[in-house]
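Trainee: One structure, pasted below without further comment.
The values are calculated or read from the model by the stated rules, or taken from the named source; none is laboratory data. Quick caveat, the model's predicted, so the values are computed rather than measured. Reconstructed Cβ throughout: ideal geometry from the backbone, glycine too, with neighbour counts over all protein chains shown. What goes into the accessible areas is simple: the full protein's heavy atoms, side chains included, and nothing from ligands, DNA or RNA. Shrake-Rupley method; radii C 1.70, N 1.55, O 1.52, S 1.80 Å.
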Amino acid sequence: MKEILIVPAITAEVELLQQVARQTFLESFADVNTAENMAHYLRENMSLNKLTNEMSDPDSDFYFAMLNNNPLGYMKINYRAAQSELFNSRAVELERIYVLKSHQGQRLGQLMLNRALELAGEVKAPFLWLGVWEHNTKAIGFYEKHGFTAFDKHKFMLGSEEQTDILMRLDLPVRR
């Protein structure tokens, strides 16, 4: 098997990011949400303009999971003020981590999580945190298996529907 690489996404790749982001979001949530709410979310949150702005933020980084120059998933990391909630300005948020359905179960999520942990360690973050939809039991189990614990909740708007995300964190070793 070829090596899967976790590589930074650059602004010039925004159209590729949009394609992967839309596909993975639809594959993950279209079956359990209305078509109208999904379309609204994709239009508002995954437009080229919105993604370009996010990619241009110096406190956010995007990464692709690549195999033979093909993206199989992506993640978004937020630092400092780019975090969707500011619990600690030194913490790091793993805002998005998605894998194409055709490649789930192949440890891509693990590889991206490992990279996120490395990035958080490099900036000596006290913890890595994320939000996961309360009904996404598969993802919750994945994060719990890796030591994340729930510590709060926040609202997430998907179109006209208010949903609840469970906020989970993993405390990191103190690095000097």
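Trainee: Report, by residue number, each residue of segment 118-144 that is out of contact with any strand residue (DSSP E or B) (no Cβ under 8 Å at 6 or more places or on another chain) and among the aromatic types (F, W, Y).
Mentor: Listed by number, the list holds a single entry, F142.
Trainee: How do the pairs read when you match residues in segment 147-176 that are in contact (Cβ under 8 Å) with a residue 24 or more places away in the chain and farther than 13 Å from G131 by Cα with residues anywhere that are assigned to a strand (DSSP E or B) and of a type in the set (F, W, Y), using Cβ under 7 Å and keeping only pairs 6 or more apart or on different chains?
Mentor: Filtered contacts from segment 147-176: D171/F127; L172/F127.
Trainee: Pairs needed: first member in segment 93-107, more than 30 Å from A81 (Cβ to Cβ); second member anywhere, of a type outside the set (V, I, T) and open to solvent by 40 Å² or more (accessible area, probe 1.4 Å); C-beta distance under 6 Å; at least 6 residues apart or different chains.
Mentor: Here the result reads K101/E27, each pair linking segment 93-107 to a residue that is of a type outside the set (V, I, T) and open to solvent by 40 Å² or more (accessible area, probe 1.4 Å).
Trainee: Condition first: within 16 Å of the chain's Cα centre (by Cα) and hydroxyl-bearing (S, T, Y). Now tell me which residues in segment 53-76 satisfy that.
Mentor: Selection gives S60, Y63, Y74.
Trainee: Now a separate question. Where the second residue is open to solvent by less than 60 Å² (accessible area, probe 1.4 Å) and part of a loop (DSSP other than H, G, I, E, B) and the first is under 12 Å from M75 (Cβ atoms) and in contact (Cβ under 8 Å) with a residue 60 or more places away in the chain and lies in segment 110-125, which pairs have Cβ atoms under 9 Å and are six or more apart or on separate chains?
Mentor: Correct list of pairs: L111/I4.
Trainee: Right, something else. Output the qualifying pairs, or none if there are none: Cβ atoms under 7 angstrom, residues six or more apart or on different chains, first residue in segment 68-84 and touching a residue at least 40 places away in the same chain (Cβ under 8 Å) and under 10 Å from D57 (Cβ atoms), second residue in a loop (DSSP other than H, G, I, E, B) and of a type in the set (A, V, I, L, M, F, W, C).
Mentor: Once the first residue is touching a residue at least 40 places away in the same chain (Cβ under 8 Å) and under 10 Å from D57 (Cβ atoms) and sits in segment 68-84, its partners that are in a loop (DSSP other than H, G, I, E, B) and of a type in the set (A, V, I, L, M, F, W, C) give Y79/V123.
Trainee: Quick one: which residue in G105, G73 is under 25 Å from L16 (Cβ atoms) and part of a strand (DSSP E or B)?
Mentor: On the way: G105 fails: part of a strand (DSSP E or B).
From the options G105, G73, the qualifying one is G73.
Trainee: Name the residue that is nearest to the chain's Cα centre (by Cα), counting only residues in segment 113-130 that are surrounded by fewer than 17 Cβ atoms within 10 Å (Cβ to Cβ) and in a helix (DSSP H, G or I).
Mentor: N114
Trainee: One residue is enough: does segment 131-154 have a residue meeting the conditions surrounded by 19 or more Cβ atoms within 10 Å (Cβ to Cβ) and small (G, A, S)?
Mentor: Yes, some residue in segment 131-154 is surrounded by 19 or more Cβ atoms within 10 Å (Cβ to Cβ) and small (G, A, S).
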